[in-house]
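Reading through the structure tokens given below for one structure.
The values are calculated or read from the model by the stated rules, or taken from the named source; none is laboratory data. Keep in mind it's a predicted model, so treat the numbers as computed, not measured. Every residue, glycine among them, receives a Cβ derived from its backbone with ideal geometry; neighbour counts consider all protein chains shown.
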Number of protein chains: 2
Amino acid sequence: MHDILIEEKILSENDAIAHENRHAFAERGVFVINMVSSPGAGKTTLIERMTPILLDTLGRFAVIEGDLEGDLDAVRIARAGVPVKQITTGKACHLDAHNIAHALPWALEQDAGLLIIENVGNMVCPAEYDLGEDMKVTVLSAAEGDDKPLKYPAIFDASSALIINKIDLAPHTDFDIERARANALAINPSLQIFETSCRTGEGIEQWCAFLASKTLALRGSVSTSR
Amino acid sequence: MHDILIEEKILSENDAIAHENRHAFAERGVFVINMVSSPGAGKTTLIERMTPILLDTLGRFAVIEGDLEGDLDAVRIARAGVPVKQITTGKACHLDAHNIAHALPWALEQDAGLLIIENVGNMVCPAEYDLGEDMKVTVLSAAEGDDKPLKYPAIFDASSALIINKIDLAPHTDFDIERARANALAINPSLQIFETSCRTGEGIEQWCAFLASKTLALRGSVSTSR
């Protein structure tokens, strides 16, 4: 009982900071996504593949990398030519709004219309922590099984988009893409679902077009209101 | 600072209960493993494949299934003919010693020399929670990438064995088994490493033989000491 009260307090403090982050990003016309997945679902490789397309469409975007330890992923993103900020969480299994508030001045300095936050690889805890993003995006690897939306419903419920990644592996597994879609939509009927493969490049253009349209729509509305 | 003190208190309470669990299991000669992995690394399918071999060698074993929601995995294990207890954690991203203490009377009633605990799919938080097991076993799917030991070191460090699963997928990915082994051993040089595929059956016999030998050794030492 005591622990539940503590948890509620932590989450309500987090939500207050997330609210401030969201306000700061909106004021500057920055569209923010929070990418969540199990370890190894392919978030970093996806960002690498998205990079040339997004640079072409948007000119500029920035990335915040959340990891328990090290900077392996941030080095990969920087090598792709994208400004990146590493947040090392130590033992914490998720990014929180406080982490993002610390990185916020850096993020705004990048003058990018799109900020991609790559969360720690964890399909459970990030579902509860609002970072101030415009949308959570769950990445599910086809190698993980089509039952995952039913087993980890909170993150599918909290997300606006689902990327079914590594679809090139589906024929080598029991993964049924239609069943995965149906399971995900049973949890959250308004999910926008994309299917991608970083090996074949399939679906990356469509996902980037969606992201770019959201980013440009926000920029447009901010310029108009100024 | 306050949160760190709370966390230390929760972990020290957990450790005290884990100590009691370990004592109760040891007294009854039950060898206990705590299987940890990302969502979708194949823990349940692995247990299904292990079942006929372990039933043949040990006659009997039992399973505790940890899940956020539902009983999909427990139904699969029960269908394979193994006594199984479902623990539903709700929002909790890991099993704790308290969960196992509740299931302990059931586990001892099964009169099984081996208890397999399948933890919630999460490569981060279960590393910190001792359940009273004899060994933690990390399952890493080849589809997750060979860099995972470097990115999630705590669970590799806390484990006695590593199962590299879905090795049939390795040729379809950039996964390098030797690099995965080297990365894991760099974190924990005493890891026992097994390579398995539930599709081809490769490696399951070797892993079961290891598990059976540990189980029988414990049973032998308990009978002798009585």
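Exactly one condition in (1) among the small types (Gly, Ala, Ser); (2) touching a residue at least 60 places away in the same chain (Cβ under 8 Å); (3) away from chain A (no Cβ under 14 Å) is false for B:Gly81; which is it?
Among (1) among the small types (Gly, Ala, Ser); (2) touching a residue at least 60 places away in the same chain (Cβ under 8 Å); (3) away from chain A (no Cβ under 14 Å), the lone unmet condition for B:Gly81 is (2).
For region B:153-184, name all the residues that are under 23 Å from B:Glu48 (Cβ atoms), among the charged types (D, E, K, R) and in contact with a Gly (Cβ under 9 Å, 6 or more places away or on another chain).
Result: B:Lys166, single match.
Identify, by number, the condition in (1) at pLDDT 95 or above; (2) in a helix (DSSP H, G or I) that A:Glu202 doesn't meet.
So A:Glu202 meets the others, but not (2).
Can you name the residue in region A:145-160 that is within 15 Å of the chain's Cα centre (by Cα) and of a type in the set (Ser, Thr, Tyr) and, of all such residues, is surrounded by the fewest Cβ atoms within 10 Å (Cβ to Cβ)?
Among them, the one singled out is A:Ser160.
Among the candidates A:Phe25, A:Phe31, single out the residue that is buried (at least 18 other Cβ atoms within 10 Å of the Cβ), among the aromatic types (Phe, Trp, Tyr) and under 30 Å from A:Ser197 (Cα atoms). So that I can check it myself, show each step before the final result.
On the way: A:Phe25 fails: under 30 Å from A:Ser197 (Cα atoms).
Answer to the selection: A:Phe31.
Could you tell me whether A:Asp111 is of a type in the set (Asp, Glu), on the phi < 0 side of the Ramachandran plot and more than 12 Å from chain B (Cβ to nearest Cβ)?
On the way: of a type in the set (Asp, Glu): yes; on the phi < 0 side of the Ramachandran plot: no; more than 12 Å from chain B (Cβ to nearest Cβ): yes.
Spelling it out, it is not the case that A:Asp111 is of a type in the set (Asp, Glu), on the phi < 0 side of the Ramachandran plot and more than 12 Å from chain B (Cβ to nearest Cβ).
If you take the residues of region A:70-92 that are farther than 20 Å from A:Gly40 by Cβ and among the hydrophobic types (A, V, I, L, M, F, W, C), which of them is farthest from the chain's Cα centre (by Cα)?
Quick first cut of region A:70-92, residues farther than 20 Å from A:Gly40 by Cβ only: A:78, A:81-83, A:85, A:90.
Next, only the ones that are among the hydrophobic types (A, V, I, L, M, F, W, C) stay: A:78, A:82.
Values: A:Ala78: 18, A:Val82: 16 Å.
Of everything passing the filter in region A:70-92, A:Ala78 is farthest from the chain's Cα centre (by Cα).
One line per residue, one yes/no per condition, for (1) more than 12 Å from chain B (Cβ to nearest Cβ); (2) in contact with a strand residue (DSSP E or B) (Cβ under 8 Å, 6 or more places away or on another chain); (3) crowded, with 22+ Cβ neighbours inside 10 Å:
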| residue | (1), (2), (3) |
| --- | --- |
| A:Pro52 | yes, no, no |
| A:Asp56 | yes, no, no |
| A:Phe61 | yes, yes, yes |
| A:His98 | no, no, no |
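Any chance region A:19-37 includes a residue that's in contact with a Phe, Trp or Tyr (Cβ under 9 Å, 6 or more places away or on another chain), touching a residue at least 24 places away in the same chain (Cβ under 8 Å) and within 14 Å of another protein chain (Cβ to nearest Cβ)?
No, every residue in region A:19-37 fails to be in contact with a Phe, Trp or Tyr (Cβ under 9 Å, 6 or more places away or on another chain), touching a residue at least 24 places away in the same chain (Cβ under 8 Å) and within 14 Å of another protein chain (Cβ to nearest Cβ).
When residues of region A:183-198 are filtered for being surrounded by fewer than 17 Cβ atoms within 10 Å (Cβ to Cβ) and either within 13 Å of A:Gly42 (Cβ to Cβ) or out of contact with any helix residue (DSSP H, G or I) (no Cβ under 9 Å at 6 or more places or on another chain) (or both), how many remain? Even if it seems obvious, please write down each step before you answer.
In the first step, residues of region A:183-198 are kept if they are surrounded by fewer than 17 Cβ atoms within 10 Å (Cβ to Cβ); the result is A:185-186, A:189-190, A:192-193.
Narrowing the set further to residues that are either within 13 Å of A:Gly42 (Cβ to Cβ) or out of contact with any helix residue (DSSP H, G or I) (no Cβ under 9 Å at 6 or more places or on another chain) (or both) leaves A:189-190.
Qualifying residue count for the region: 2.
Might you let me know whether region A:203-214 holds any residue that is in contact (Cβ under 8 Å) with a residue 60 or more places away in the chain, touching a Cys at 6+ places or on another chain (Cβ under 9 Å) and within 15 Å of A:Ser37 (Cβ to Cβ)?
Looking through region A:203-214, none of the residues is in contact (Cβ under 8 Å) with a residue 60 or more places away in the chain, touching a Cys at 6+ places or on another chain (Cβ under 9 Å) and within 15 Å of A:Ser37 (Cβ to Cβ).
Of the residues A:Lys9, A:Lys43, only one is farther than 26 Å from A:Phe156 by Cβ and basic (Lys, Arg); which? Before the answer, list the steps.
Values: A:Lys43 fails: farther than 26 Å from A:Phe156 by Cβ.
One residue alone meets the criteria, A:Lys9.
Quick one: would you say B:Gly70 is more than 14 Å from chain A (Cβ to nearest Cβ), surrounded by fewer than 22 Cβ atoms within 10 Å (Cβ to Cβ) and touching a Ser or Thr at 6+ places or on another chain (Cβ under 8 Å)?
Judged against the criteria, B:Gly70 is not a match.
Provide a single number: the residues in region B:75-96 that are surrounded by fewer than 24 Cβ atoms within 10 Å (Cβ to Cβ), closer than 23 Å to B:Cys208 by Cβ and touching a helix residue (DSSP H, G or I) at 6+ places or on another chain (Cβ under 9 Å).
Residues in region B:75-96 being surrounded by fewer than 24 Cβ atoms within 10 Å (Cβ to Cβ), closer than 23 Å to B:Cys208 by Cβ and touching a helix residue (DSSP H, G or I) at 6+ places or on another chain (Cβ under 9 Å): 8 in total.
How many residues are at the interface with another protein chain (Cβ under 7 Å from one of its Cβ atoms) and either modelled with pLDDT under 95 or under 14 Å from B:His94 (Cβ atoms) (or both) if we restrict to region B:129-150?
Our first condition is that a residue be at the interface with another protein chain (Cβ under 7 Å from one of its Cβ atoms); within region B:129-150, this holds for B:141, B:143-145, B:147-148, B:150.
Next, from what is left, pick out any that are either modelled with pLDDT under 95 or under 14 Å from B:His94 (Cβ atoms) (or both): none.
Qualifying residue count for the region: 0.
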